[in-house]
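Below is one structure, written out as structure tokens, with a few remarks after it.
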Amino acid sequence: MKKILLLFSFVFALNTVVQAQLITIAEARLLNEGDTVNISGTITNGDELGTIRYFEDGTAGIPAYDYDFGQEAVRHDSITLTGVLVDYNGLLELTPVTEYTIHGQADVEIVPMVVTPDELGEDNEGQLIQIENVIFADGGGTFGGGSTYSFDADGESGVIYLSSSHSLVGEIIPVAAVTLVGLSSQFSFTGFGGYQVI
């Protein structure tokens, strides 16, 4: 019995060590839903999205959805966190966040990756992106919260989503072409969805 308990203790300790190893976000994105990961990165959004925080490390990006973490972490914070991988309507995220350390503001700011609407997908999901020559279908109208807006950029179509707490709510939707900077995300369920900018 003592040997079995000792073996169980060793396996448990080994599993804890493996889970605590720091890996890249790209490596974490290859793991399975339900796996616990320990990763570091720089946060790329603030409270305009509520308590979800997107972050990236130069290899990939991923959001973390956790009330306590989201209340404390701010844009440009350098963080290390441990959380559970889940699929939320197609979006790979961490929830809950079981441990986190905020190291203060990052030394280097994340530069948006320039993409086209057709390039939004798994390869850049969770990352800060930039799309040039965006023309909104509803130009001249007013942005509302909790809404999606269609746009065209050089012949390709895309969608953005604005949360109800975003600072653009109530602002005039541009009529002329603009540069759109946001986060590559996904929201899919029956009858709706796909990749979008938030």
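Please work out the average accessible area per residue across the chain, using the 1.4 Å probe convention, and give it in Å². Per residue, the chain has 54 Å² of solvent-accessible surface. Projecting label points 7 angstrom from Cα along Cα→Cβ for residue 86 and residue 123 puts them 3.0 nm apart. Under 11 Å from a point placed 7 Å out from the Cα of residue 108 along the Cα-to-Cβ direction: which residues of the range 43-73 have their backbone N that close? Correct set: 57-59. Would you work out if the range 35-99 is rounded, prolate or oblate? Take a ≥ b ≥ c from the square roots of the eigenvalues of the alpha-carbon gyration tensor; rounded if a/c is under 1.5, else prolate when a/b is larger than b/c, oblate otherwise. It is rounded, given that a/c, with a ≥ b ≥ c, falls under 1.5.
Packing, as the average of other Cβ atoms within 10 Å across residues, places the peptides 36-43, 115-122, 75-82 in the order 36-43, 75-82, 115-122, highest first. Geometric descriptor of the range 116-198, per residue, is 94 Å³ (volume of the convex hull of the Cα atoms). An oblate overall shape is assigned to the range 64-134, the ratio a/c of its alpha-carbon gyration tensor axes (a ≥ b ≥ c) being 1.5 or greater and a/b not exceeding b/c. For the chain, which whole-number percentage of the solvent-accessible area (1.4 Å probe, protein heavy atoms only) is attributable to carbon and sulfur atoms? Reported share for carbon and sulfur atoms: 56 percent.
Working from label points 7 Å from Cα in the Cα-to-Cβ sense, the residue 67 to residue 177 distance is 4.6 nm.
The values are calculated or read from the model by the stated rules, or taken from the named source; none is laboratory data. Source: prediction; values computed, not measured. Positions of Cβ are backbone-derived with ideal geometry, glycine not excepted, and every protein chain shown enters the neighbour counts. What goes into the accessible areas is simple: the full protein's heavy atoms, side chains included, and nothing from ligands, DNA or RNA. Shrake-Rupley method; radii C 1.70, N 1.55, O 1.52, S 1.80 Å.
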